[in-house]
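To start, the structure itself, in structure tokens.
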Amino acid sequence: MTNKHRAVWVIVLADGDGAEGVSTPRQYRLLNGGPSQLQKLLQRAANLVPRERIVVVVNRAHRRCWEAQLSGSNSWGAVVQPEHRGTGFSVLLPLLVIARVDPTAMVVVLPADQFAQDDDVLAVALRHAAVMEGTDCDRLTMLCTSATAPDPGLGPLKPTADSGVGP
């Protein structure tokens, strides 16, 4: 099945605990009085796929943070984890939900706690990835962006020589 015939879904990872000692994880903090990183990412996702194909993963312990941001007249559906158990489980749980509904779905995973400086570049990259020929259902395709400055909280992502990934 080619990618052009597969529905694209988006998993938004918003269940991380953030920095230790900080009461509100960064994905929920309002940015300069405007929307939070989560709210901005949900808008990006809604520009890529219909809302019913967006799955937001949240942590029950942060209900006070995410509940208002996901509710309202255009509420978002969420998979609520009992507690954060790491990125693997954060991705696995919504993948199981999506696989039940759409076993051939192409899934884009977006972390809500990461900042994207240029929304247009990100949107173009995601649309391009969603229609890439040569990717199949059994493989993971990872998109990375170049940072303008190092993020001290993240280590570098370096592909192995045989990964087929390059600039």
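The values are calculated or read from the model by the stated rules, or taken from the named source; none is laboratory data. Since the model is a prediction, treat every value here as computed from it, not as a measurement. We place every Cβ from the backbone using ideal geometry, glycine too, and count neighbours over all the protein chains shown. Calculation scope for accessible area: heavy atoms of the full protein, side chains included, ligands and nucleic acids excluded. Shrake-Rupley method; radii C 1.70, N 1.55, O 1.52, S 1.80 Å.
Rounded to the nearest percent, how much of the accessible area of the range 10-95 (1.4 Å probe, protein heavy atoms only) is carbon and sulfur? On the range 10-95, the fraction of accessible area on carbon and sulfur atoms equals 49 percent.
Here the scattering of the range 61-105 is modelled by Debye summation over its C-alpha atoms, one equal scatterer each and no solvent; at q = 0.20, 0.22, 0.31, 0.34 Å⁻¹ the log10 of I(q)/I(0) is -0.80, -0.89, -1.06, -1.12. Using the average count of surrounding beta-carbon atoms within 10 Å as a protection proxy, the listed peptides 39-47, 81-89, 24-32 rank, highest first, as 39-47, 24-32, 81-89. Potential lengthening of the chain between ALA123 and SER75 amounts to 15.1 nm, from the contour at 0.36 nm per residue minus the alpha-carbon distance. Over all pairs of different C-alpha atoms, the range 8-118 has a mean inverse distance whose reciprocal, the Kirkwood radius, equals 14.1 Å. 3J(HN,Hα) couplings calculated from phi for the range 65-70 with the Karplus curve 6.51 cos²θ - 1.76 cosθ + 1.60 (θ = phi - 60°) are, in sequence order, 7, 8, 4, 5, 6, 9 Hz; Gly and Pro show x.
Close amide H partners of ASN59, meaning residues 5 or more places away or on another chain with modelled amide H under 5 Å apart, are GLN81. Taking amide hydrogens as placed 1.01 Å from N in the peptide plane, the amide H of VAL108 sits under 5 Å from those of TRP9, VAL10, ILE11, each at least 5 positions away in sequence or on another chain.
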